[in-house]
Amino acid sequence: MTLVDEVKSRLTIVDVVSDYVALENLSSRTPKALCPFHDERTPSFSISLEHDSWRCWGACGVGGGIFDFVMRADGIEFKEALEKLALKAGIEPNLRDDYNTNRPRGRSAALHEVNAIAEEFYTRQLEGAQGEEAIAYLESRGIDSRTARRRGIGYAPAGVNSLITYLKSIGADSQAVVQAGLIVKGNDDTWRDMFTNRITIAIRDPRGNVIGFGARAMGDAQPKYLNTHETTIFNKSSVLYGMNWASDAIRASGKAVVVEGYMDVIAAQERGFKNVVACMGTTVTSQQLQTISTVLPDDPDNPPSIVLCLDADQAGQQATLRGLQIALSEFGRGSARNNTRSSPIDIRVAGPVVSEHGEPKDPDDAIRNNGAEWIASIDQADEIIDFVIRSSLSRHNTATENGLDAALNEVEPYFESIPANTIYERGKLSWLGEQVGIDFDGMIHMLKLKRSARETIQNASNPDRNTRRTPTRKASRTTPSFLPARWEYELLACMLRYDYAIDHAATAEPDHFIDPVRMRVFKALTSAANVDECLARIQGDDEALALVNQLKEFSLSPTAETIEDQATIIQIAERCATRTHEEYLIRNKKREVQLAKENGNMFSDEEEVTISVQTNLKINKLKNPQQAASSH
């Protein structure tokens, strides 16, 4: 706690003003007095016990807090007023390291002090006439003026140098003001306030020192939120908003709930949910998780937990996935970075509370409208792998090749945290397979291919990288009975292993392939004279090279595995090329019908039938070229 905060915690506005004026109606919430700053017969000076502030409603038109009053009444600067009030509060400022006048003060202490001064300035602006719009917005979010003061919420006026003017008037440490990021230099080389026409939220470290500010725009200004830039005391990636309020509750409960924004934390804290902190952005960082881990108890009999409860929108869900990857790398099963604890940390994900109309609510809305439902969502939080599977499958249409591919690309990295060849792993793989219609062995194979491709790309971008886990099952020429677009893989495998098969893939074209990587490999094979030239053409294409490595182990049809004669291979190549072309025509038909329906309500059933008939004719011609030729 800074000296400024300590003085404010010990002295009220009544304690200070009573030394200078005779207050009337002390039993009321707004005692009055004759203004000490101008001559008058009728009291126009009043103090607010609620806001711990004073104001002259007469000729002066000024107001402020305890420091402003003493500075104006005694004609002194801020530092002198601080020292005077510290003595009044029973604090000896020259005995404190932060304020020892016999030696230079630490820069951190100086930054804490100017931030505390700025917080008080912003608070006064919010409570003044120009803060009416900000107060109205806060009230719409369930925050009244008393809560705003308690939680360090203020208002930065619209003028570009309101704070600068004030800081100059009190003789604030100009170097500290710049280093704290309270002012910034504009394009014209003039200094201006960092925050203007924004609601400000003081950000504190776990000890309660103000280390920076978040600032929300009024109206439609962008960006919606600004933060203090990085300073020696403020690093956004390592700070958790609300940790100064939440650490005791986290320690006592053994659970930390991480939300996304300031308002989420304030709503939770005000309603008694004390173990809630915010990551102050859309991504949870490893430093933030490490900070939480230092507060969580280390109890093997009752492992502590961290529950991520980020916003329900698309950005929030994507942020949750990024945060989970970080969480697994820090605290996942078998994580080397977790070896300092005797008890693991259970990372879970809370799904959003859903409204009566089926719309997901952000934590702030859920907490304010139905705290019990929000707590229920926390208590029912998913394991990481369960959340990832549900989230990925809900956001991608796994009935399509591209959708299934995208979903499995998201899911695969999370299986690295699960011990291999365990009942737990088999259960999760079986459940995932059931959701997308792939048997257990097929799911093992597909995820292995995904991991191989991912690690190839990672190793190419960082040759010195040692992968944490290698595939646990030896590669073999086995392919699951169900593999989406299996014919595309089999065609490419034939062409890659047998040069002569390339000439028998003429019915397929590059754009017939569903996946762009397979498309690129096919194009390289058909345009090259041989396999070696194909490999030369795809050098630098990490995804294509990874696919080629997979195709070398791909199992062809059973007949081809036992009788690898040229006629059999040619037959497989021709069949798979035809199937690739056929599936392309079917997809085109569906796409054409869908587009027609989307672009006009007059699309008739007869027109859909016509499109289907035309497609079927093309497919028949493709499958029976001799019959099609004889019919002409």
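Before moving on, here are some points about what is shown:
- Placing unit charges on the Cβ atoms of the charged side chains and taking the dipole of the range 1-48 about its Cα centre, the candidate lying farthest along the positive direction among SER27, PHE37, THR2 is SER27.
- Largest to smallest accessible area among LEU393, LEU310 [probe 1.4 Å]: LEU393, LEU310
- For THR398, the accessible surface of its heavy atoms amounts to roughly 40 Å² (probe 1.4 Å, protein chains only, rounded to the nearest 10).
- For the residues ASP565, ASP68, a 1.4 Å probe over the protein chains yields an accessible-area ranking, largest first, of ASP565, ASP68.
- The C-alpha atoms of the range 25-184 occupy a region whose extents along the principal axes are 47, 37, 27 Å, arranged from largest to smallest.
- Residue-count net charge about GLN179 - beta-carbon cut-off 10 Å; Lys, Arg +1, Asp, Glu -1: 0
- Pairs spanning more than 21 Å between alpha-carbon atoms, out of LYS450/LYS552; LYS8/LYS84; LYS428/LYS552; LYS224/LYS361; LYS79/LYS168: LYS428/LYS552.
- Rule-of-thumb Rg ratio for the range 116-158 [Cα; 2.2 N^0.38 Å; N residues]: 1.02
- Taking 0.36 nm per residue of sequence separation and removing the Cα-Cα distance, the ASN530/GLN566 pair yields an extension gain of 11.3 nm.
- Here the extension length gained between ARG10 and ASN402 equals 134.7 nm, from 0.36 nm per residue of separation less the Cα-Cα distance.
- By a 1.4 Å probe calculation restricted to protein chains, ARG72 has an accessible surface near 120 Å², given to the nearest 10.
- MET519, MET495, ranked by accessible area, largest first (probe 1.4 Å): MET519, MET495
- For ILE76 and GLU383, a Förster radius of 41 Å and the Cβ-Cβ distance give a FRET efficiency of 0.10, rounded to the nearest 0.05.
- Here the translational diffusion coefficient of the range 189-246 follows from Stokes-Einstein with Rh set to the Kirkwood radius across Cα pairs; for 10 °C and 1.306 mPa s it amounts to 128 µm²/s.
- Modelled spin-label separation between ALA376 and SER430, with each label point placed 7 Å from Cα along the Cα-to-Cβ direction: 3.1 nm.
- Heavy atoms of HIS504: accessible area, 1.4 Å probe, square angstrom to 10: 60
The values are calculated or read from the model by the stated rules, or taken from the named source; none is laboratory data. Because the structure is a prediction, the values reported are computed rather than measured. When we count neighbours, we look across all protein chains shown, and the Cβ atoms used for this are built from the backbone with ideal geometry, even at glycine. Note: accessible area is taken over every heavy atom of the protein model, side chains too, but ligands, DNA and RNA are not part of it. Shrake-Rupley method; radii C 1.70, N 1.55, O 1.52, S 1.80 Å.
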